[in-house]
1. Based on DSSP H runs of at least 4 residues, each adding -39500 (n - 2.57), what is the mean residue ellipticity at 222 nm of the chain after dividing by all its residues, to the nearest 500 deg cm²/dmol?
2. What is the fewest-to-most order of 155, 93, 121, 17 by other Cβ atoms lying within 10 Å of their Cβ?
3. With N residues in the chain, what two-decimal value do you get for its Cα radius of gyration over 2.2 N^0.38 Å?
4. Which one of 138, 161, 91 is farthest out on the positive end of the charge dipole of the chain, using unit charges on Cβ (Lys, Arg +1; Asp, Glu -1) and the Cα centre as origin?
5. Cα to Cα, under 30 Å, and not fewer than 8 places away if on the same chain: which lysines meet these conditions relative to residue 209?
6. Can you tell me the alpha carbon radius of gyration of the stretch 126-182 divided by the globular rule-of-thumb value 2.2 N^0.38 Å?
7. Ranking 200, 182 by Cβ neighbours within 10 Å, fewest first, what do you get?
8. If I stretch the segment between residue 213 and residue 147 completely, what's the gain in nm (0.36 nm per residue apart, minus their alpha carbon distance), one decimal?
Amino acid sequence: MPSGELPSPISFQNDADGVHVNAPLPGPTAWKLIRRSNLIVPILTAHDTLSATTVQGDGDSKYEHRMPKPGGAEMVRSFRNIVAQEGRAVSVDILSGREPRHHETTRQWFYKWGYRSVIDDFNLNPHDGRKHSLPYKVNTVKTKVDEGYSVVEVDDDLAVSMNLPSNVLAYVMKNFTNNAVFRHWAGLELPANVIPVNSFEQLLEDFSKRLKNGQI
């Protein structure tokens with residue numbers, strides 16, 4: 001970094017289901033690995049994605065009564081503290097592919113479980129249909145990169161992590177669908193920026209080391 005140049009702010013993008021929320025596993029990704037299908041797919045541009053049909057409003061949501069993963073809000077708070085100790089600016093967002101009719105429930109769920117004081121914003125998929133979840137997440141992260149952020153993303157779906165730019169630090173919360181056996185069977189080697197972790201504690205430890213070493 002040139003002398004006198006300020007370090008870039010950090011954007012921490014947090015997937016909801018499977019990371020902070022107890023939820024069904026991302027089965028389609030596991031099925032692709034079993035079939036040895038390529039997880040890296042063509043991603044619609046942000047312009048094309050934004051042209052998709054949306055459904056407004058929030059009715060009875062299947063997400064309302066899901067339970068939190070233990071320690072999620074505390075992890076985000078610790079993440080912010082780690083960044084602050086290094087003198088870097090940070091923005092923490094929830095990044096979710098949930099459809100528009102579930103957005104208000106999503107916000108209220110995170111407020112209920114203690115996240116109000118530790119997150120800055122919600123990046124929620126504005127399109128109806130789960131097929132828009134992956135491109136929405138990837139394009140949102142790319143936009144943050146284009147805005148000058150150093151981006152850290154955590155997800156439980158390996159398909160998301162594998163499609164992110166190589167300059168994004170992508171943590172994958174380990175689960176049955178992204179385990180090493182499936183990856184080996186599929187002949188999938190993870191790029192250097194995709195880091196599997198077993199816990200929030202492991203994520204924080206790895207992130208802190210990389211930040212202190214100037215890798216972010």
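Just so you know, all these numbers are worked out from the coordinates, no wet-lab data involved. All values derive from a computational prediction rather than experimental measurement. All Cβ positions, even for glycine, are placed from backbone atoms using ideal geometry, and neighbour counts span all protein chains on display.
1. Mean residue ellipticity, 222 nm, calculated: -10000 deg cm²/dmol.
2. Ranked by crowding around the Cβ, least crowded first: 121, 93, 17, 155.
3. Here the Cα radius of gyration is 1.00 times the empirical estimate.
4. Farthest along the dipole direction, towards plus: 161.
5. The qualifying lysines are 69, 137, 142, 144, 174.
6. It is 1.20.
7. Listed from fewest to most nearby Cβ atoms, that is 182, 200.
8. Using 0.36 nm per residue and subtracting the Cα-Cα distance, I get 21.4 nm.
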